[in-house]
Amino acid sequence: MVQIKFNTLARHIYEEERKYPDATGELSDLLHDLSLAAKVISLEVNKAGLVDILGFTGDQNVHGEQVKKLDIYANDMMIKAMDHGGHLCVMASEEDEDIIHIPPEFHIGKYVLLFDPLDGSSNIDANVSIGTIFSIYRRVSPGNGPGTMEDCTQQGLKQIAAGYVIYGSSTLFVYTAGNGVHGFTLDPSFGEFILSHPSIKIPKKSKIYSINEGNYLYWHSGLKKYIKWLQEEDKSTGRPYSSRYIGSMVADIHRNLLYGGIFMYPADSRNPNGKLRLMYECNPMAFIVEQAGGRASNGKQRILEIQPKSLHQRTPIFIGSEEDVLLVEKFLSDYEMIEVK
Ligand code: AHM
Ligand code: MG
């Protein structure tokens, strides 16, 4: 008989926790609640083509972008699943301008949750992979009352856990609590996340780059040179690279995590701060990629060291295989020096 050995997300989280004798179990409960929200959102994402949930609501989110029904559903579901667990003192979401308070009837905990409920939502109608991203901190504001903006704008280095859920050909829950990166695939028949990708390590050097090349005209000259360099033929450095861009950060970074690759959303002359958000998009992905042995920077500074100024601030990002990120940083600084001279 075939011996089947498998580990569920719940068991894995508790096994990890047991390695720390003074752990209270609260973080485990929090991750467990998140996995429940992920299952419910996954179910709805899978139904999206069947029920009348697609299309615009006509509303705009706080950034003036058009919001789709599934974004709202995922945002509501995250809040509903997480506000009464007793572990959080405050939350913040890409879809809400202000921080989200825990209703007064529920217990206030010591953790802070930031999330992007459904990233890559312009891909929903085309049945392309989308994802939920989350980031967890300890509260820093004094007392046991409601959490504050200060709790929600901590440096990425202070994250104690982060993860994403990718709704693709399967649903995967990938997380780190500072001890490696582990991925779990949802078995839809019995509704459990099963360990499928233990201790993910990103290759140090890759052959894949991911960037929206439609913005070429507006890029920094160092970036233009770097991309042209990747496209040249040179066997000794593994060039030319392949270009892979889904337009869904979770999916692009997930693929690069497994195969190696560099994902870039740079600043350009039209968007001097890039497009992606520091607190609930870049910081959690940077924590995960670093934990997998990769690198994440804004071109000059490590993403996790950026001192946040506001909840929804944007940052340029270069993230993925370490050697590739180091090289693009070098191109950017070399050409900056030439331009300054
Ligand atoms: P969203 O939060 O509105 O979904 O936007 C974020 C998405 C990322 O997933 C993706 O990498 C990027 O936007 C794609 O942007 P562009 O279409 O400019 O290439
Ligand atoms: Mg987003």
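The values are calculated or read from the model by the stated rules, or taken from the named source; none is laboratory data. Computed from a prediction, not measured in an experiment: that's the story for all the values here. Quick reminder, even Gly has a Cβ in these numbers, built from the backbone with ideal geometry, and neighbours come from all protein chains shown. Ligands, DNA and RNA are stripped out before the accessible areas are found, and what is left, the full protein with its side chains, is counted by its heavy atoms. Shrake-Rupley method; radii C 1.70, N 1.55, O 1.52, S 1.80 Å.
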With everything on Cα atoms, drop me the angle between helix 221-231 and the longest principal axis of the chain, reported from 0 to 90° to the nearest 10.
90
Would you mind checking which residues have amide H under 5 Å from Ile306's amide H? H placed 1.01 Å from N; only 5 or more apart, or other chain.
Gly156
Hey, what do the phi angles of segment 266-279 turn into as Karplus ³J(HN,Hα) couplings, whole Hz, using 6.51/-1.76/1.60 and θ = phi - 60°, x for Gly and Pro?
x, 6, 8, 5, 8, 10, x, 10, x, 10, 7, 8, 5, 6
Using a 7 Å offset from the Cα along the Cα-to-Cβ direction at both Asp76 and His101, what is the distance between the two label points in nm, to one decimal?
2.2
Report the percentage of all Cα-Cα pairs in the chain whose separation exceeds 27 Å, rounded to a whole percent.
45
Going by amide H atoms built from the backbone, whose H comes under 5 Å of the H on Ser196, apart from near neighbours?
Gly183, Phe184, Thr185
Explain nothing, just compute: Karplus ³J(HN,Hα) = 6.51 cos²θ - 1.76 cosθ + 1.60, θ = phi - 60°, for every residue of segment 12-29 in order, whole Hz, x for Gly and Pro.
4, 4, 5, 5, 4, 4, 4, 6, 10, x, 8, 5, 8, x, 5, 5, 4, 4
So, counting K/R as plus one and D/E as minus one, what does the shell of residues with Cβ under 12 Å around Glu323 add up to?
+2
For n ≥ 4 DSSP H runs only, could you compute -39500 (n - 2.57) per run for the chain, divide by its residues and tell me the 222 nm figure to the nearest 500?
-9000 deg cm²/dmol
Carbon plus sulfur, as percent of the 1.4 Å-probe accessible area of segment 9-197, comes to 52
Shape of segment 9-197, Cα gyration tensor, a/c cut at 1.5
oblate
Quick check: the distance between the Cα centres of segment 190-265 and segment 67-99, to the nearest angstrom?
30
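By its C-alpha gyration tensor, with a ≥ b ≥ c as the square roots of the eigenvalues, how is segment 115-222 shaped: rounded for a/c under 1.5, else prolate for a/b larger than b/c, else oblate?
Numbers: a/c = 1.60, a/b = 1.15, b/c = 1.39.
The shape class here is oblate.
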Limiting things to C-alpha atoms, what are the Rg and the maximum Cα-Cα separation (Dmax) for segment 208-340, in angstroms?
13.9, 45
Rolling a 1.4 Å sphere over the protein heavy atoms, what is the accessible area per residue of the chain, to the nearest Å²?
46
